[in-house]
Amino acid sequence: MSALWLAPLLWTLYTSLRPKEVTDKYGYWSLHGPFNLHNFGTAWTDGDLPRYFVNSLYIAVPSVLLTLALASMMAFAVSRYTWKFNVTLLILFTAGNMLPPQVLAAPLFEMFKHTPLPYVLSTSGSLLDTYYAVIAVEVAFQLGFCTFVLSNYMKTLPGELTEAALVDGAGVWRQFRRIILPLTRPALAALATLQVIWLYNDFFWPLLFLSSGDRLPITTGVNSLQGQFLMNYNLIAAGATLTVIPTLIVYLALQRHFVAGLTLGASKG
């Protein structure tokens, strides 16, 4: 399974290290050299990848922060308190993940097209071609999964913690912020790692809602490396390889927290 998973990535890396002339002469399956980093430099400069990386940050960072903030508050409400429609609301959040995003593509496009926005915030006068539209949809689609995961984790925390805080005079907000949220840090770190990778790699929603080339994230902006009459797949492979680097950095930085979050509850004592 590891070999099958790594094979496309390794083949992309191999292709990116070969000049196009060598590939055209010997084919993609040959082992002829030379091998160099020229395609990476060309993709970085000619493809204007630094700008697309920044655009991805504009989308991924607010989306992750908003998703985790809203999901943690919703999970706290449905897991620590019993009230009418408690379970129904949690099921509604979870059921939203079962709806294919493509089904809502046309309605969302029309809705954003006819949603006015001040020209100070949008050159089109609507939500289309703005980061706000992409962020709103990303948060909406990821909120159900994060709420489901966090609520299941919060249910495992002892109820005596919030009961003792309530006796000491702590309100709902203080119970959430000072007691439950710090204890949920491993689960939040695991979800943050997943969300950064998923939202950074998302291709569909930015392609649908963003039409200005200078606002595209890296996943769609790498298409700028395609020529109108000639396809340099070695250059495209180099650009695709560069897009993997930020997700690897995030995963390696949060690997310890990610593994800890996945193994919570695996053992007792």
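If a residue must be of a type outside the set (A, V, I, L, M, F, W, C), modelled with pLDDT of 80 or more and closer than 17 Å to Leu208 by Cα, how many such residues does the range 86-123 contain?
8
Hey, can you tell me all the residues within the range 146-161 that are within 19 Å of Pro186 (Cβ to Cβ) and of a type outside the set (A, V, I, L, M)?
Passing the criteria: Cys146, Thr147, Phe148, Ser151, Asn152, Tyr153, Lys155, Thr156, Pro158.
Arg80: farther than 20 Å from Val196 by Cα, surrounded by 20 or more Cβ atoms within 10 Å (Cβ to Cβ) and of a type in the set (D, E, K, R), yes or no?
no
Residue check, Asn232 against (1) over 13 Å from Val134 (Cα atoms); (2) out of contact with any helix residue (DSSP H, G or I) (no Cβ under 7 Å at 6 or more places or on another chain); (3) not basic (Lys, Arg), all met but one. Which one?
(2)
Any residue in the range 83-91 that is in contact (Cβ under 8 Å) with a residue 40 or more places away in the chain, closer than 13 Å to Cys146 by Cα and of a type in the set (A, V, I, L, M, F, W, C)?
yes
If I ask for residues that are over 14 Å from Asn39 (Cβ atoms) and touching a Gly at 6+ places or on another chain (Cβ under 6 Å), which ones from the range 203-250 would you list?
If the condition is that a residue be over 14 Å from Asn39 (Cβ atoms) and touching a Gly at 6+ places or on another chain (Cβ under 6 Å), then Ser224 is the only one that fits.
Yes or no, residue by residue, for (1) surrounded by fewer than 13 Cβ atoms within 10 Å (Cβ to Cβ); (2) in a loop (DSSP other than H, G, I, E, B):
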| residue | (1), (2) |
| --- | --- |
| Pro118 | yes, yes |
| Ala133 | no, no |
| Leu157 | no, yes |
| Ala164 | no, no |
| Arg174 | no, no |
| Pro182 | yes, no |
| Leu194 | no, no |
| Leu208 | no, no |
| Gly221 | no, no |
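For the range 35-46, state whether one or more residues are on the phi < 0 side of the Ramachandran plot, charged (D, E, K, R) and either at pLDDT 90 or above or surrounded by 19 or more Cβ atoms within 10 Å (Cβ to Cβ) (or both).
There is no residue in the range 35-46 that is on the phi < 0 side of the Ramachandran plot, charged (D, E, K, R) and either at pLDDT 90 or above or surrounded by 19 or more Cβ atoms within 10 Å (Cβ to Cβ) (or both).
Of the numbered conditions (1) under 14 Å from the mean Cα position of the chain (by Cα); (2) without any contact (Cβ under 8 Å) to a residue 40 or more places away in the chain, Pro158 fails exactly one; give the number of that condition.
(1)
Could you tell me which numbered condition Phe203 fails, if it satisfies all but one of (1) in contact (Cβ under 8 Å) with a residue 60 or more places away in the chain; (2) touching a Ser or Thr at 6+ places or on another chain (Cβ under 6 Å)?
Among (1) in contact (Cβ under 8 Å) with a residue 60 or more places away in the chain; (2) touching a Ser or Thr at 6+ places or on another chain (Cβ under 6 Å), Phe203 violates only (1).
I'd like to verify a number: residues in the range 221-235 that are under 22 Å from the mean Cα position of the chain (by Cα) and touching a residue at least 24 places away in the same chain (Cβ under 8 Å), how many?
Total satisfying the criteria: 3.
Kindly check whether there is at least one residue in the range 83-94 that is farther than 16 Å from Thr67 by Cβ, of a type in the set (D, E, K, R), under 24 Å from the mean Cα position of the chain (by Cα) and not in a helix (DSSP H, G or I).
no
Would you tally the residues in the range 1-37 being among the small types (Gly, Ala, Ser) and under 24 Å from the mean Cα position of the chain (by Cα)?
2
The values are calculated or read from the model by the stated rules, or taken from the named source; none is laboratory data. From a predicted model like this one, the values you see are computed outputs, not experimental measurements. Cβ sites come from the backbone with ideal geometry, for glycine too, and all protein chains shown count toward neighbours.
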